Amino acid sequence: MEDIGSLGTSVRQRLTCKEFEENDSLSASKPSTNELRSEDSTEDEHSTSTLAQEASPMESSHRQHRQTPDLFVTSRLNVISKEVNVAYGQLQEKFSIEYRNLLESAINSASRIQTGYDSSVADRVSFSFSSSKTEDRITKKRFTTRESVLTELLRTNHIKTVHNIFAAILIIFSVQTVVYDLIEQGRIVIDFSLISWGFGKFSLVISIWLCMLTSTISIFPIFNMWRQLRPSSTKLLDRAFLLFYIAYLAAFLCVPVWALAEYDLPPVSTLVVAIEQVRLLMKAHSFVRENAPRVLHADKTIDDGLNFSRYLYFLFAPTLIYRDEYPRTSAINWNTVVYNVSELVICIFYIYYIFVRFCIPNFHNFNSDHVTIKMFVYSVFGCMMPGTLVLLIGFYAILHCWLNACAEMLRFGDRLFYKDWWNSVNFSGYYRNWNIVVHDWLFTYIYQDTYMLLKFQKHMRWLAMYTTFFISAVFHEYIIILAFRFVYPVLFVLFAIIGVGFIYVTTGHNKRTSNIFLWVSLFIGNGILMCLYSMEYFSRRNCPLIKDSFLDYMIPRSWFCTPNQ
């Protein structure tokens, strides 16, 4: 930009010099005052005939003087026009250079933004406006060494204070429990039976998990065998491997469900098994989905990149996207591991206090008296605050403490497991930023693959989006069904129907108002979830069977509950 300014100054200086030169030449051609006086005195002495003879030259001189300004203006305009054309060309060249540098700087800056996905500007532009090649339309996840958002924010005193407020609330819960026991029981009652019951039969949990892990590990040798035999075989081997893979996914979904029903694990233990089942299923699909195209296209890099140790590392790494290499830290900070694990344990007790103080007292005696609009409204509003606290603490425990502890133990460098979803001004941003780990998998293997099957038709992008939401909502509800042993699709309705509708809801351009609307919706939604699932869970403990069949799992018993006599 400084070059452009200096160029304009030089143009003005040259124009000024040219003007001075033209003015000097013009003034030199004009007669002086003394010459004019001399001409006047001479004219008095000449005769009339002489005046008549000189009339013609005088008129010619006057015409020449009248033409001189016109020639000066024309000459000046020509000079200005030439200078402007030269300056315009130079300015255009300078502007193009500056614009190109500015654009490259913007793209490089955008590519360094700490996003949960490979969201460089170039990648997103190619995804939307690329050529017909499929490879140009697919966005690839890129891993880079970076800290979690809260890890960086907790280094500031303001955010530390928010963390301390939650710690103070936990202390108040503990003091409240002690005071209540002293008043009611006359002594301090240390009762964590709810935690021990929720995590009951944990040895069976470990056994089921080991079986699932072993079956997931077995994918590698079978895949590697297919890779090695394929160059000398026909397409029949490809079809055989595809059928095996589909059968494996079906068995992996059914066998753990049978084990959970057979051994009747308690809710928290079932939750652990169900989450691990879905996690390993997603990892197995990522491994096959990332490497199968390399085998089909005879990519030579797979020979060097594919080995068992990398696959085993991927199964434990806090990511659902397979890569041959990940960014790694130089050493393990065991203080960070201990700190995160300690906070995870504290969060478990935090959630325990919330359920003991807000959930169980309101619903453990659920009967037909509760099935009224009045009691339902009271219960929903009473569950909004504890339900949202469970959401926040569960988020902090799993997506921050647990994943950061695993990442530190494995020296996994990319720790952007979530973004600042609390600052979102719409539900689209909230869904993208809440859980980056799961969002990456859904975006890569559901949204992009569905969009590719639709041949990248822009008017069909909505179908790819809703397919992604539908599959995500199904698996969220699947985990809840296994944990509680009944089908009550409240989460599915709020997520796949109302939640998708909220994506298109706008509250204007005021970001503050939009963020408030988001939080109000989260408070109401979590209150409804906690209320309805608690009502249904305790109604199945207090109310008789409607019908001793599979339909009993499908019909909400809280709708038709009659108290036990």
Percent of Cα-Cα distances greater than 16 Å, calculated over the stretch 497-543
54 percent
Quick check: from the Cα gyration tensor, does the stretch 233-272 come out rounded (a/c under 1.5), prolate or oblate?
prolate
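Trypsin sites (Lys or Arg not before Pro), restricted to the stretch 231-340: which are DSSP loop and have at most 13 other Cβ atoms within 10 Å?
Within the stretch 231-340, the qualifying trypsin sites (Lys or Arg not before Pro) (loop, at most 13 other Cβ atoms within 10 Å) are 300.
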Can you list the residues, at least 5 places off or on another chain, whose amide H is less than 5 Å from the amide H of residue 328, using H built in the peptide plane?
413
Hydrodynamic radius by Kirkwood for the stretch 171-317, inverse mean 1/r across distinct Cα pairs, in Å, is 18.7 Å
Considering only protein heavy atoms, with the full assembly of protein chains and a 1.4 angstrom probe, order 158, 400 by accessible area, largest first.
158, 400
When the Kirkwood radius is taken over all Cα pairs of the stretch 141-194, what Stokes-Einstein diffusion coefficient follows at 20 °C and 1.002 mPa s, in µm²/s?
148 µm²/s
The stretch 268-353 shape via C-alpha gyration tensor axes, a/c threshold 1.5:
oblate
Please label the shape of the stretch 192-236 as rounded, prolate or oblate, based on the square roots a ≥ b ≥ c of the eigenvalues of the alpha-carbon gyration tensor (a/c under 1.5 means rounded; beyond that, a/b larger than b/c means prolate, else oblate).
prolate
Heads up, I need the accessible area for residue 395: 1.4 angstrom probe, whole protein in place, Å², nearest 10.
10 Å²
What number, in percent, do you get for the relative contact order of the stretch 160-317 if the mean sequence gap of Cα pairs under 8 Å and at least 6 apart is divided by its residue count?
30 percent
Which whole-number percent gives the relative contact order of the stretch 287-441, counting Cα pairs below 8 Å spaced six or more residues apart?
32 percent
How large is log10 of I(q)/I(0) for the stretch 313-374 at q = 0.13, 0.14, 0.19, 0.26 Å⁻¹ when the intensity is taken from the Debye formula with one equal scatterer per alpha-carbon?
-0.67, -0.70, -0.89, -1.09
Residue 455 to residue 316: extension gain in nm, 0.36 nm per residue of separation minus the Cα-Cα distance?
46.6 nm
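The values are calculated or read from the model by the stated rules, or taken from the named source; none is laboratory data. Nothing here was measured: the structure is a model prediction, and the numbers come from that model. Every residue, glycine among them, receives a Cβ derived from its backbone with ideal geometry; neighbour counts consider all protein chains shown. Remember, those area values only see protein heavy atoms, side chains included, never the ligands or the DNA or RNA. Shrake-Rupley method; radii C 1.70, N 1.55, O 1.52, S 1.80 Å.
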